[in-house]
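**Q** Before I ask anything, here is the structure I am working with.
The values are calculated or read from the model by the stated rules, or taken from the named source; none is laboratory data. Small disclaimer: the values here were computed from a predicted structure and weren't measured. As a convention, Cβ positions derive from the backbone with ideal geometry for all residues, glycine included, and neighbour counts pool all protein chains shown.
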Amino acid sequence: MSEDVRRPLTPDWDMQQETEDGRSISEIADGYVKPNEVLTSFERLEIYNRQYWFRVIGAVAEDYPALNAVLGSKRFDRMVLEYLKENPSTSFTLRNVGAKLPEWLAAHPDVAGVRHGLAVDVARLEWAYVDAYDSARLKPFSEDDFAELGADTRLRLQPHVQLLDLTYPVDELVLAVRKETPEIEVASNAVSEVRQDKRAALPRMRKSAIWLAVHRYDDSVYYRRVDREAFLLLRSLRDGGSIAEALEAAFEGSRLSGEEQAGKIQEYFAHAAELGWFCSPEAVARV
């Protein structure tokens, strides 16, 4: 029954009539589901099959309200159904069911059509929101720790800090959608047989490269724009580079003078330290 309940739906949101090897699902259902005066065995099983998928699709919709708004609910629902066929839920929690969607969407340009690049950026930011909200916050570096830093010191970023290089300024779009979409509306925006394709008013998006640090502060998630050099520095530290290696990565080929670079470095470290983004490699390794 578990296998039949999790069997993918048809494009019309109905239960499939046959298994992959050609067996009749009606005959299979007759073997373990009792019909009643109103519904056949197949029809009773179909209720569970459809509700399983509606719940899983609804869980993805809760994590991607802005992507839903960009694509429209009908296209979004069908996209999620196709995604889940290739990436079924394998965890005890629905929290993880949408984790591979940004990567999957990037590899399926036909899903979003002319808005593919925008849709991928939106999906990446919305999943970064989930990761930033759920990931650990470890003991940050103290003032004494910073006093002992040297060129070969290796810092790490807090697990909740997510770094994104994006082609569109989708932080504006995502924030606009979340502002207009209350939690209860997002949660109830799962598939239904009769559903209006209602889109939130979206700001106009033109290509403009931005770099974001998505982080949690006082149990709220924030999007902070950083310049390219700050992004490269933070990414290098996150990936295991020493302070010297991170600085080299940030300013390679830069036209800034040495004095300007020094000012930028002080600014980057001051902001990140104030927000508690830095911690020790040993602390990250224990997570």
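**Q** Restricting to region 1-28, count the residues that are part of a helix (DSSP H, G or I) and either among the β-branched types (Val, Ile, Thr) or within 28 Å of Met79 (Cβ to Cβ) (or both).
**A** Counting residues in region 1-28 that are part of a helix (DSSP H, G or I) and either among the β-branched types (Val, Ile, Thr) or within 28 Å of Met79 (Cβ to Cβ) (or both) gives 6.
**Q** Suppose we keep only residues that are crowded, with 20+ Cβ neighbours inside 10 Å and among the β-branched types (Val, Ile, Thr) within region 151-174. Which one would you say is nearest to Leu232 (Cα to Cα)?
**A** In this case the residue turns out to be Val161.
**Q** Moving to a separate point now. List pairs: first in region 90-106 and closer than 16 Å to Ala132 by Cα, second of a type in the set (Lys, Arg) and at pLDDT 95 or above, Cβ under 8 Å, 6+ apart or cross-chain?
**A** Pro102/Arg124
**Q** Also, I was wondering about something else. Considering Asp14, Asp30, Asp77, Asp21, which residue is in contact (Cβ under 8 Å) with a residue 40 or more places away in the chain and among the charged types (D, E, K, R)?
**A** Asp77
**Q** Looking at region 78-153, what helices (runs of 4 or more DSSP H) fall wholly within it and have at least 3 residues that are in contact with a helix residue (DSSP H, G or I) (Cβ under 8 Å, 6 or more places away or on another chain)? Step through it out loud before you land on a result.
**A** Values: elements: 101-106, 116-134, 143-147.
In region 78-153, the matching helices (runs of 4 or more DSSP H) lie at 101-106, 116-134.
**Q** Also, I was wondering about something else. Could you check region 154-163 and list, in sequence order, the residues that are assigned to a strand (DSSP E or B) and over 18 Å from the mean Cα position of the chain (by Cα)? If you could, list the steps in order and put the result at the bottom.
**A** Looking only at region 154-163, we keep the residues that are assigned to a strand (DSSP E or B), and these are 156-157, 162-163.
Arg156, Leu157 - these are the residues of region 154-163 that are assigned to a strand (DSSP E or B) and over 18 Å from the mean Cα position of the chain (by Cα).
**Q** Being of a type in the set (Lys, Arg) and either outside the structural domain of Lys85 (by TED's automatic domain parsing) or not in a helix (DSSP H, G or I) (or both) is the filter here; which residues of region 29-71 pass it?
**A** As a first pass, look at region 29-71 and keep what is of a type in the set (Lys, Arg): 34, 44, 50, 55.
Across region 29-71, the qualifying residue is only Lys34.
**Q** Might you check whether a residue that is touching a Gly at 6+ places or on another chain (Cβ under 9 Å) and among the aromatic types (Phe, Trp, Tyr) occurs anywhere in region 230-247?
**A** Taking every residue of region 230-247 in turn, none turns out to be touching a Gly at 6+ places or on another chain (Cβ under 9 Å) and among the aromatic types (Phe, Trp, Tyr).
**Q** Out of the residues in region 42-56 meeting the condition of being of a type in the set (A, V, I, L, M) and at pLDDT 95 or above, tell me which one is surrounded by the most Cβ atoms within 10 Å (Cβ to Cβ).
**A** That would be Leu45.
**Q** Just a yes or no: is a residue in region 217-228 in a helix (DSSP H, G or I) and either out of contact with any Leu (no Cβ under 8 Å at 6 or more places or on another chain) or surrounded by fewer than 14 Cβ atoms within 10 Å (Cβ to Cβ) (or both)?
**A** yes
**Q** Please enumerate the residues belonging to region 116-168 that are of a type in the set (Gly, Ala, Ser) and within 25 Å of Leu71 (Cβ to Cβ).
**A** Gly117, Ala119, Ala123, Ala128, Ala132
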